[in-house]
Amino acid sequence: MWNLLTESICISIRRVGLWCLRRLCIMRKLPSVLARTLTSGTSASPGLLNMSEGQSPIHVNNVRSKLRDIVGASTNWRDHVQAMQERKALHTLLAKRQEDLPPRRMKDSYLEVILPLGSQPEIREKYLNVHNSVRFGRILEDLDSLGVLVCYTHTKQEMQQMSPLSIVTALVDKINLCQKIIHPDCDIKFTGNVSWVGKTSMEVKMHMLQLHGGDYSPVLDATFVMVARDPENKRPAFVNPLIPESPEEEEIFKQGELNKMKRIEFSTSSLLKMAPTAEERNIVHDIFLNTLDTRTVSFQSRKLPPNSVWMEDAKLKGLEICHPEERNIFNRIFGGFLMRKAFELGWATACSYGSSRPFIVSVDDIMFQKPVEVGSLLLLSGQVCYTEKNYIQIRVHSEVYNANTREQHTTNTFHFTFISENEVPQVVPKTYGESMLYLDGMRHFTAVMREM
């Protein structure tokens with residue numbers, strides 16, 4: 001357990017000489033991969049449809065206020081208990097069956113949100129980083145809010161002033177970037193719509209574009225999964241079914257179903273449940289053999305190869321106190337805030353490890369396992385778990401610590417893929433647990449490269 005009151009962010013990174021490990025996937029030509037990763041457009045993405053007929057863009061500052069109006073949340077922290085009590089009366093508005101709810105089209109939930117960094121310079125500072133580009137953590141917050149608002153738009157009933165649903169983020173399936181730099185002086189447009197619906201869950205496709213020379217250019221594509229619950233956020237609640245209207249929408253809907261199957265398959269084969277494959281076991285054993293000290297005949301004597309870093313020395317830790325300012329409309333800590341803090345720790349871990357500025361390439365498989373209550377102590381641990389050429393795969397693990405009971409509970413696990421300006425040392429696991437972390441990082445990295 002960390003010393004919560006005195007521990008400061010720490011990292012110990014060592015590197016020597018030159019050494020290479022066997023890889024499950026070695027890219028043949030790094031420059032061509034970098035070009036595809038960071039400069040290719042998203043115009044071919046099946047989720048990008050023109051649904052903007054008659055839509056008026058929403059200012060980014062109005063998204064959270066719209067969400068508060070939809071659920072009847074108070075802007076005053078002292079009134080949050082009363083506001084939640086009033087929501088109990090909305091139970092009678094819940095549908096008993098999904099079939100009782102009117103079906104929706106994809107364009108029914110379509111929204112556009114404008115972040116006017118170019119036309120309203122006064123809002124830039126909140127989004128500006130020291131490198132004179134946009135803070136990606138702030139973009140994560142905006143995406144999370146937009147995803148929830150899109151789902152409330154999908155489930156809106158004309159005769160209801162307040163929604164009886166509590167819609168929360170369950171999963172960030174993936175966020176893939178196609179631009180290396182997000183400029184701080186050009187307007188940004190977010191678009192989003194519901195792309196797949198289950199009984200109580202909804203997949204949301206979102207796109208971010210930035211204005212250059214009079215045209216909006218793609219920056220990223222994002223896929224979130226939201227779940228609907230009852231007014232007290234205790235039990236699942238049915239949502240409106242989704243009806244695709246065209247072959248393109250049919251394809252998007254099928255992709256949503258496929259994404260669900262992939263998530264189930266990935267979870268089933270998790271290294272926390274299943275043994276590594278034969279090929280993965282060989283990789284771990286090769287690492288073990290390459291780190292044995294040949295001067296001794298001992299399984300315990302290990303030697304760090306050249307240009308390498310032990311995994312135990314490639315981590316950063318941090319602590320956040322969760323204040324009421326960071327609460328969501330249901331008076332838990334805002335998921336976007338958790339993502340921002342995890343990303344910033346992940347970026348710092350990658351920056352320290354690679355000794356140069358890292359750029360985010362992809363975010364994937366962020367599972368929101370437990371809500372974080374206001375007043376919680378949030379423990380964050382960033383770990384380099386896999387490296388390949390210029391790429392750094394980071395895993396950030398978040399826990400909530402209860403100072404009264406001294407108990408810790410995992411709330412989230414975040415996976416970030418960064419690319420560094422320079423080639424980075426190889427991260428080397430020493431224990432069996434670290435080897436599983438290494439293989440898990442390799443799996444995530446391979447999946448990201450396949451998407452690219």
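The values are calculated or read from the model by the stated rules, or taken from the named source; none is laboratory data. Predicted, not measured: the structure shown is a model, and the values here were computed from it. All Cβ positions, glycine included, derive from the backbone under ideal geometry; neighbour counts span all protein chains shown. The protein model used for the area step is the full one, side chains on, heavy atoms only, and it has no ligands, DNA or RNA in it. Shrake-Rupley method; radii C 1.70, N 1.55, O 1.52, S 1.80 Å.
Distances over 43 Å make up what percent of all Cα-Cα pairs in the chain?
15
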Averaged per residue, what accessible surface does segment 230-341 expose to a 1.4 Å probe, in Å²? 56
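Exactly which trypsin sites (Lys or Arg not before Pro) in segment 251-327 are in a DSSP loop and have at most 13 other Cβ atoms within 10 Å?
When the trypsin sites (Lys or Arg not before Pro) of segment 251-327 are filtered for loop state and at most 13 Cβ neighbours within 10 Å, LYS273, ARG295, LYS303 remain.
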Given 16 as the ceiling on other Cβ atoms within 10 Å, longest exposed-site-free region of the chain for chymotrypsin sites (Phe, Trp or Tyr not before Pro) in DSSP loops: 20-298
Exposed GluC sites (Glu not before Pro) being those in a DSSP loop with at most 15 other Cβ atoms within 10 Å, the longest stretch of the chain free of them is 246-420
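Where a ≥ b ≥ c are the square roots of the eigenvalues of the C-alpha gyration tensor, would you call segment 337-409 rounded, which needs a/c under 1.5, or, failing that, prolate if a/b is larger than b/c, or oblate? Can you show the working numbers first?
Numbers: a/c = 2.57, a/b = 2.23, b/c = 1.15.
In terms of gyration-tensor shape, prolate.
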DSSP beta bridge pairing in the chain, given as percent antiparallel to the nearest 5: 95
Classify segment 315-452: rounded, prolate or oblate, from the alpha-carbon gyration tensor (a ≥ b ≥ c, eigenvalue square roots; a/c under 1.5 rounded; otherwise prolate if a/b is larger than b/c)? prolate
At 7 Å along the Cα-to-beta-carbon direction for both ASN129 and THR296, put a label point, then send me their distance in nm to one decimal. 4.2
On the protein heavy atoms, probe 1.4 angstrom, tell me the percent of accessible surface of the chain carried by carbon and sulfur. 52
How far is it, in nm, from the label point at GLN85 to the one at GLU248 when both lie 7 Å from their Cα along the line to the Cβ? 5.1
Post the alpha-carbon centroid distance, segment 55-123 to segment 240-263, in whole angstrom. 24
For segment 305-367 and segment 166-186, compute the distance between their C-alpha centroids and round to whole Å. 15
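When a/c reaches 1.5 or more, the comparison of a/b and b/c decides; with that in mind, is segment 189-285 rounded, prolate or oblate per its Cα gyration tensor?
oblate
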Between LYS370 and THR277, what's the calculated FRET efficiency when r is the beta-carbon distance and R0 is 35 Å? Round to 0.05. 0.70
Rg/Rh (Cα only; Kirkwood hydrodynamic radius) as it applies to segment 88-204: 1.06
Point-to-point label distance, ILE58-THR92, nm (Cα→Cβ direction, 7 Å offset): 2.9
With contacts defined as alpha carbon pairs under 8 Å and 6 or more residues apart, what's the relative contact order of the chain in percent? 18
